[in-house]
Amino acid sequence: MANKPQSKLVSSSTRFRSPVLLFILFLLTLSLLFLLSSISSSSSSSSTYDNPGRLTPRLETSFVASLERFLAHRSPPITDGTVSAAEVTEEDVRKLDDKMFAEESDRVQGSPYYPLELPIRVYVYEMPRKFTYDLLWLFMNTYRDTDNLTSNGSPVHRLIEQHSIDYWLWADLIAPESERFIKSVVRVERQEVADLFYIPFFTTISFFLLEKQQCKALYREVLNWVTDQPAWKRSGGRDHILPVHHPWSFKSVRRFMKNAIWLLPDMDSTGNWYKPGQVFLEKDLILPYVPNVDLCDAKCLLKSESKRNILLFFRGRLKRNAGGKIRSRLVAELSGAKGVVMEEGTAGEGGKAAAQIGMRRSIFCLSPAGDTPSSARLFDAIVSGCIPVIVSDELELPFEGILDYKKIAIFVSSNDAVRPGWLLKFLQSIRPSQIREMQKSLAKYTRHFLYSSPAQPLGPEDLVWRMVCSFPKSFAPVYTYCIPLHCICAQTEACCITYLDNVCCDNQSMHLSCY
């Protein structure tokens, strides 16, 4: 009898401890689940550089944001991997020539598709950091200085962004292969296996952000450094690629590097910016400006469709030099007309917002010549879903060997554009069905004008290398008959020409394998 109370006490104590134990276990379980969830979330939200092995890095189309990420996660090589100019001898040049000849001979004998094969093999010079990283840091440390303007009132840093093709190409070329999506080009580490040599010098940043004499001195240093390299001496620079995308940049030393393949905004056949014999289509490439406005994506295009109540829109400098004098005549003809907006403006932050709003409310966007035959406004219109009306008689367009611009733009001669009442009557006569078709094509073509990191297939960084394939033999012998979009005809070595919408072979009814 005496033991019964003790038994009840033990039983009661056990029942008391069990809920407490269960509650503690429950809290521990919750904590563990929370910890695992946090780790998973952190992993999934990390960027490319936080997790180098990741296959789907975050896409960035803003130059400033991309550059900021680039500089935070990449550092210049500790040593310069290129041969020092002081060490170069004629024997070095001869040895490199022999190695390259042997390599090319092996490719001719070993590949049934030579010289049709891709990817293009590019050697990227590891130049001293004062030519590369230091200039990028100079931009990053000063780009918030909104008072830095050109003589015509344009914000300097905004101009640098518009001409930043040198950064986008270089950033893609030196990125780890695990982070790249472009298959038309590959970076090689040995000069003897290279098809082309890329010079990663930032001509636009140095022109706008350095003092005049300091800039000229740096240009001379670059000239001496590059032309002393064995590969340059071997070819005279004909297999070297040099970005010179702003027409004011690199002028003091251009004549010494005119054999190189230049990356330009246009050809400027007027001769105002490039001397005769310096640039021509058989040698050089035209690249699009970096758009100054944000992309109007599929959702934006659908939303803006019913709001496009302006027939013709223009915002920019109303008076320009050289070929851009057409602007003042267009202003005189079109100002005050019904359905037309003609505004004076620059590329600053306020101007960007105003241009973006105006273009998204307009059916057609006027794109006259600037100081050169080209204008950044053309590419702003394309990414805004606004049909460009191009008034520039001397204009050469980027990637014309691949893209059909008649599907996305209206071309008007300067003489017709300034005839009283002609341009508006012409635009009003275009059928709504044709307008809708061109707007659909604009949505498809946008990808070809958006620079990004990582660079995307069929983006401008990709199309650059596909255009190299069409170079004549005297300038790019390895790619005399290379195909722009890498299509191989089955059962034949015939060359194919691709215009995105269709693929044509020079033999009839050939099956194609395109990738």
inquiry  = When the residues of region 256-286 are narrowed to those that are out of contact with any strand residue (DSSP E or B) (no Cβ under 9 Å at 6 or more places or on another chain) and in contact (Cβ under 8 Å) with a residue 24 or more places away in the chain, which ends up surrounded by the fewest Cβ atoms within 10 Å (Cβ to Cβ)?
reply    = 282
query = Hey, among the residues in region 190-228 that are in contact (Cβ under 8 Å) with a residue 60 or more places away in the chain and over 17 Å from residue 132 (Cβ atoms), which one's farthest from the chain's Cα centre (by Cα)?
reply = 228
ask   = Checking residue 237 against (1) in a loop (DSSP other than H, G, I, E, B); (2) in contact (Cβ under 8 Å) with a residue 40 or more places away in the chain, which test does it fail?
value = (2)
request  = Select from region 287-303 the residues that are within 22 Å of residue 156 (Cα to Cα) and open to solvent by less than 40 Å² (accessible area, probe 1.4 Å) and list them in ascending order.
outcome  = 287, 288, 289, 290, 291, 292, 293
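Would you mind finding the one in 177, 211 that is open to solvent by 10 Å² or more (accessible area, probe 1.4 Å), acidic (Asp, Glu) and touching a strand residue (DSSP E or B) at 6+ places or on another chain (Cβ under 9 Å)?
Of 177, 211, the one residue that is open to solvent by 10 Å² or more (accessible area, probe 1.4 Å), acidic (Asp, Glu) and touching a strand residue (DSSP E or B) at 6+ places or on another chain (Cβ under 9 Å) is 177.
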ask   = Restricting to region 62-93, what's the tally of residues that are open to solvent by less than 50 Å² (accessible area, probe 1.4 Å), hydroxyl-bearing (Ser, Thr, Tyr) and at pLDDT 80 or above?
value = 2
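Can you pull out every residue in region 263-292 that is at pLDDT 90 or above and assigned to a loop (DSSP other than H, G, I, E, B)?
Those that are at pLDDT 90 or above and assigned to a loop (DSSP other than H, G, I, E, B): 265, 284, 287, 288, 289, 290, 291, 292.
Conditions (1) open to solvent by less than 40 Å² (accessible area, probe 1.4 Å); (2) assigned to a helix (DSSP H, G or I), marked per residue:
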| residue | (1), (2) |
| --- | --- |
| 170 | yes, yes |
| 187 | no, no |
| 201 | yes, no |
| 218 | yes, yes |
| 222 | yes, yes |
| 254 | yes, yes |
query = Which one is nearest to residue 126 (Cα to Cα) among residues in region 149-188 that are more than 16 Å from the chain's Cα centre (by Cα) and free of Cβ contacts under 8 Å to residues at least 60 places away in the same chain?
reply = 177
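How about region 326-408: which strands (runs of 3 or more DSSP E) wholly inside it have at least 2 residues that are at negative phi, in contact (Cβ under 8 Å) with a residue 24 or more places away in the chain and open to solvent by 30 Å² or more (accessible area, probe 1.4 Å)?
Where strands (runs of 3 or more DSSP E) fall fully within region 326-408 and carry at least 2 residues being at negative phi, in contact (Cβ under 8 Å) with a residue 24 or more places away in the chain and open to solvent by 30 Å² or more (accessible area, probe 1.4 Å), they are 340-344.
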remark   = Taking region 189-199 and keeping only residues that are open to solvent by 10 Å² or more (accessible area, probe 1.4 Å) and not in a loop (DSSP other than H, G, I, E, B), one is left with 191, 192, 193
ask   = If we keep just the residues of region 413-441 that are modelled with pLDDT of 95 or more and part of a loop (DSSP other than H, G, I, E, B), which is surrounded by the most Cβ atoms within 10 Å (Cβ to Cβ)?
value = 430
ask   = For region 247-294, how many residues are among the small types (Gly, Ala, Ser) and under 25 Å from residue 221 (Cα atoms)?
value = 4
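Residues being in contact with a helix residue (DSSP H, G or I) (Cβ under 8 Å, 6 or more places away or on another chain) and assigned to a helix (DSSP H, G or I): count how many of those fall in region 293-304.
To start, the set of residues in region 293-304 that are in contact with a helix residue (DSSP H, G or I) (Cβ under 8 Å, 6 or more places away or on another chain) comprises 293-296, 298, 300-301, 304.
Checking the rest, the ones that are also assigned to a helix (DSSP H, G or I) come to 298, 300-301, 304.
Of the residues in that region, 4 qualify.
The values are calculated or read from the model by the stated rules, or taken from the named source; none is laboratory data. Keep in mind that what you see is a predicted model, and the values were worked out from it rather than measured. Every residue, glycine among them, receives a Cβ derived from its backbone with ideal geometry; neighbour counts consider all protein chains shown. Calculation scope for accessible area: heavy atoms of the full protein, side chains included, ligands and nucleic acids excluded. Shrake-Rupley method; radii C 1.70, N 1.55, O 1.52, S 1.80 Å.
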